[in-house]
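The values are calculated or read from the model by the stated rules, or taken from the named source; none is laboratory data. Worth saying up front: this structure is predicted, and the values here are computed from it rather than measured. Cβ atoms come from the backbone with ideal geometry, glycine included; neighbour counts cover every protein chain shown. For the accessible areas, the whole protein counts, side chains as well, though only heavy atoms, and no ligand, DNA or RNA atoms are used. Shrake-Rupley method; radii C 1.70, N 1.55, O 1.52, S 1.80 Å.
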Amino acid sequence: MAGVNWEKAYHDLEDHIEAIMRETSDLVNNAAPKLKLNEVYITKTNTLDVIIDATGDKMEYAIDLIDRKGKMETIKTGYQKSNTFSFEIPDGRYSVTAYAKESAKDNSRVFEKISVNFKRVLNDE
Amino acid sequence: MKYLMICNAYPTLQNLYANSFLHRRVKAYQQKGLEVDIVVITTKVLKDKYYDGVHIKYMDEYQIASYLKVNDYSTVLFHFINKKMFYGIEQLEEDRRPNIVVWLHGFEAEAWHRRYYNFLENVAQLDNALERKETVFKPQREFIRDIMTRDDLNIKFIYVSQRFKELYVDPYVGVVPEKYSIIHNIIDDELFEYHKKSADDRMKICTIRPFTARNYANDITVDVIKQLSRKKYFNKLEFNIYGDGKLFNVLTNSLRQFDNVNLHKGFVKQDDIPEIHKQHGIYLGPSRHDSQGVSLGEAMSSGLVPVTNAIGGIPEFISHKETGMLASRDNVSEMVEHIDYLYKHARNFKKMSAQAAKSIKKQAGLNVVINKEIEVITNGWS
């Protein structure tokens, strides 16, 4: 019984693995990031500023701002390319729902809901 | 003497292309006087079928076991073997076991990662393959190794190429069986009849490939055409791309800009291929994984000069610049140079075309293969 020619097989496999690694590199470099909402930053000055930090492919962002006492009509910004929002609103308790989605994908969406007790901080204070 | 073939699929009127190469064999065996019954292993309850004079039975492993107990076959022939297909043999008393011939074609006897291209479409596919590593691939390897090393079986193995054996199967299984033969898949030289090529035919380039997985390397075909488009003579060339599969549009869309590249999306029946071969001079068939390269061989048989890669079993059938042109793995520039060479050396192209047809017929023509297989099936049993 003749044996296995391990050396010959090894060199062929080595060549093959190099091709596998090139393919892997291509896949990794071209892989779209997975949609993820990392953080919602809220800054209170004389406006309520919201920045949505999310990862994904060709992102769009939106905010729903709800006055928890119902005195003010809910603000729905609709999706926009910018991740930064600024609201000139009266002091009060609000619910902020921050959304992020990928433009090319209809069903992709991540969101986070945050309660905010907003009190304007005036510049000359 | 009666022979039984056990396989995973066999062509029927409803599915003409399931392992059609097995039917080609069976018809040839019949013509040589061998009586062969067919059993397709399946868990479905299916009635017997008749196709082109061949009786096909459908059984699970337990039915095969019962069938073998009451039917005496001198030799059982296995294609795409697995443990379930072999169960019936195991259930027979040792002195009642028939002679066994096992054909090793590809996936059933090589490492799963050799076909890694097939698992890269999404993460779930890759995870599934990794999961099957333990549950399917490892037991299959142990099974092949077991039947290759047992001394209670009168068993022979047929590999479709020497390089397939040495590069893929041997290191995967870790052993070499005592009795084996290298017998290639049939290149049907009656269907793929040689037609002499003219110098102008070298400017007509075709490819007929599935577009279902990356191992078929159709992306390389696309890149080769794009690189060739920078040549002054590009517009003199004509390309016809035939095939079907989920990758067809994705890969070929970028070629729509070229007037001389014709895209033919759709499954090509085997009977239609010779006519396509007749109209072309070069077969562009890059590959990342092949135990033999049957479509390349069929093109050669028709007189086309193959341009492909020196991987797997392919170099066993194509001698560079004699019967075709070989580039190293994934090497687009080399393939472009090879087509450039054929364009600039019309006389050599014609010579290679004739040599390719002659060589493949001698190596894997219908009669050559069938005579070798019948020799293995009928002779040399202890």
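What the table shows:
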quantity: Chain B - percent relative contact order, Cα under 8 Å, separation 6 or more; calculated: 14
quantity: Rounded accessible area of B:VAL40 (nearest 10 Å², 1.4 Å probe); calculated: 10
quantity: Fully extended contour minus Cα-Cα distance, from B:ASP271 to B:ALA346, at 0.36 nm per residue; calculated: 24.1 nm
quantity: Positive-pole candidate from B:ALA199, B:HIS277, B:GLY245, dipole of the protein assembly as shown, charges at beta carbon; calculated: B:ALA199
quantity: Cα gyration tensor, segment B:201-364 - rounded (a/c under 1.5), prolate or oblate; calculated: rounded
quantity: Segment A:36-118 - percent relative contact order, Cα under 8 Å, separation 6 or more; calculated: 31
quantity: Distance-filtered residues of segment B:314-343 - backbone nitrogen under 20 Å, label point 7 angstrom along B:ARG230 Cα→Cβ; calculated: B:327-343
quantity: Extension gain (nm, one decimal) between A:ASP64 and A:ASP91, 0.36 nm per residue minus Cα-Cα; calculated: 8.0 nm
quantity: Potential extension, B:SER254-B:THR212 segment - 0.36 nm per residue separation minus Cα distance; calculated: 13.3 nm
quantity: Heavy atoms of A:ARG68 accessible to a 1.4 Å probe, total area in Å² rounded to 10; calculated: 120
quantity: Once exposed loop GluC sites (Glu not before Pro) are cut out (DSSP; at most 13 other Cβ, 10 Å), longest piece of chain B; calculated: B:191-321
quantity: Gaussian network model of chain B, springs between alpha carbon atoms under 10 Å - residue of B:ASP290, B:ASP146, B:ASP330 with greatest fluctuation; calculated: B:ASP146
quantity: Label-point separation in nm, B:ASP127 to B:GLU90, each point 7 Å along Cα→Cβ; calculated: 3.1
quantity: Residue of B:PHE164, B:PHE317, B:PHE80 that the Gaussian network model of chain B assigns the largest fluctuation, springs spanning Cα pairs under 10 Å; calculated: B:PHE80
quantity: Gaussian network model of chain B, springs between alpha carbon atoms under 10 Å - residue of B:TYR341, B:TYR233, B:TYR58 with greatest fluctuation; calculated: B:TYR233
